[in-house]
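Okay, so here's the structure we're looking at.
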Amino acid sequence: FEEQIERNECLTAVGQMAAGICHEIRNPLQSVKGFVQLLGEENQDNENVKAYGEIIISEIDRANGIIQEFLQLAKPSVAKFLRKDMNALVEEVILLMSSEALMQNVAIEARFDEKMPLMLVDESRIKQVLINLLSNAFGAISAQGLIEIDTKYDAETAEGRVTISDNGTGMDPETLACINQPFFTTKEGGTGLGLPICYSIIEDHGGHIQVESALGKGTTCTIILPESAYFQPD
Ligand code: ADP
């Protein structure tokens, strides 16, 4: 619970976020500047010009991506909560990711709880959460990858759960303690906004996310959604 409070403080600490954004945007800007300067030098052969151009575009895309993701996080949620079949939703996302699974040689095993009732969710945002969590799972897996997805309805607490487990690199406790911080990333080219966005979306649904991880073994993320804790205003 304490950690929850701490994290919320992080998310609302505008100064910290702004500093993070500046830092994240400054890097691609610096490298764009460097390559534009190189382009300005005389005697550049065509091949260099082409390569620099490509780097410049990818750096601009990166800066743009950071801004895009950040806006998503900062944007007040537009409620579009409808009763949806969670199992069908999970299945659609698996289908979306299936070509990546094939390419990366990762097996996805899914088990669906038939007793899962229709859940009050914002479909596109829940899909975004599932895609983010699955992308992280893919990112953590090397050889012999396996991702297991389970849906489960707990009638006692009236909660729907979606568990995504991977047998990837896992995380040490220090890393695990930081993953909810905006801009925390261990990936080259990572934004560190994926999980904060997931947390914020699930909280908007009145739910929460649990993450367990063991270094060298893998990671399990569980989305816990109340069946009807969200009451639409008016
Ligand atoms: P990003 O993917 O851009 O790094 P995230 O917020 O999604 O941003 O993740 C933050 C960090 O949490 C990752 O860089 C990685 O270190 C760690 N992480 C997240 N999911 C997993 C996972 N399934 N397995 C191992 N590490 C993970």
Being of a type outside the set (A, V, I, L, M, F, W, C) and over 18 Å from the mean Cα position of the chain (by Cα) is the filter; apply it to segment 92-112 and report the residue that is surrounded by the most Cβ atoms within 10 Å (Cβ to Cβ). GLN104
Restricting segment 177-224 to residues that are more than 20 Å from GLY65 (Cβ to Cβ) and of a type in the set (Val, Ile, Thr), which is modelled with the lowest pLDDT? ILE202
Filter segment 143-180 for residues that are over 17 Å from GLU109 (Cα atoms), of a type in the set (S, T, N, Q) and within 12 Å of the ligand (Cβ to nearest atom) and give the result. THR169, THR175, ASN180
Close pairs from segment 67-87: first assigned to a loop (DSSP other than H, G, I, E, B), partner among the acidic types (Asp, Glu) and at pLDDT 75 or above, Cβ under 6 Å, at least 6 apart: SER77/ASP204; LYS80/ASP122; PHE81/ASP122
I'd like to check something: does segment 183-194 contain any residue that is within 10 Å of the ligand (Cβ to nearest atom) and farther than 28 Å from PRO28 by Cα? no
Would you mind stating whether LEU89 is at negative phi, in contact with a helix residue (DSSP H, G or I) (Cβ under 7 Å, 6 or more places away or on another chain) and of a type in the set (A, V, I, L, M, F, W, C)? yes
Identify, from the list LEU120, LEU130, LEU82, the residue that is touching a Phe, Trp or Tyr at 6+ places or on another chain (Cβ under 7 Å) and within 21 Å of ASP204 (Cα to Cα). LEU120
I need the strands (runs of 3 or more DSSP E) fully contained in segment 115-234, keeping only those with at least 2 residues that are of a type in the set (Phe, Trp, Tyr), buried (at least 20 other Cβ atoms within 10 Å of the Cβ) and in contact with an Asp or Glu (Cβ under 6 Å, 6 or more places away or on another chain). none
For segment 23-61, what are the residues that are among the β-branched types (Val, Ile, Thr) and under 24 Å from the mean Cα position of the chain (by Cα)? ILE25, ILE57, ILE60
Just one of ALA137, ALA158, ALA107 is closer than 24 Å to GLN181 by Cβ and either in contact with a strand residue (DSSP E or B) (Cβ under 8 Å, 6 or more places away or on another chain) or acidic (Asp, Glu) (or both); which is it? ALA137
Please tell me if GLY206 is free of Cβ contacts under 8 Å to residues at least 40 places away in the same chain, more than 9 Å from the ligand (Cβ to nearest atom) and either touching a Pro at 6+ places or on another chain (Cβ under 8 Å) or closer than 30 Å to SER31 by Cβ (or both). yes
Pair list, Cβ under 6 Å, 6 or more apart: segment 23-52 residue part of a helix (DSSP H, G or I) and modelled with pLDDT of 85 or more, other residue charged (D, E, K, R) and surrounded by 10 or more Cβ atoms within 10 Å (Cβ to Cβ): PRO28/GLU59; PRO28/ARG62; SER31/GLU59; VAL32/GLU59
Expected output for segment 168-192 (first residue under 17 Å from ILE21 (Cβ atoms) and in contact (Cβ under 8 Å) with a residue 24 or more places away in the chain, partner of a type in the set (Val, Ile, Thr) and more than 8 Å from the ligand (Cβ to nearest atom), Cβ below 6 Å, 6+ apart or cross-chain) is THR191/ILE66
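The values are calculated or read from the model by the stated rules, or taken from the named source; none is laboratory data. As the structure is a prediction and not an experimental result, all values here were calculated from the model. Cβ: placed from backbone, ideal geometry, glycine included. Neighbour counts: every protein chain shown.
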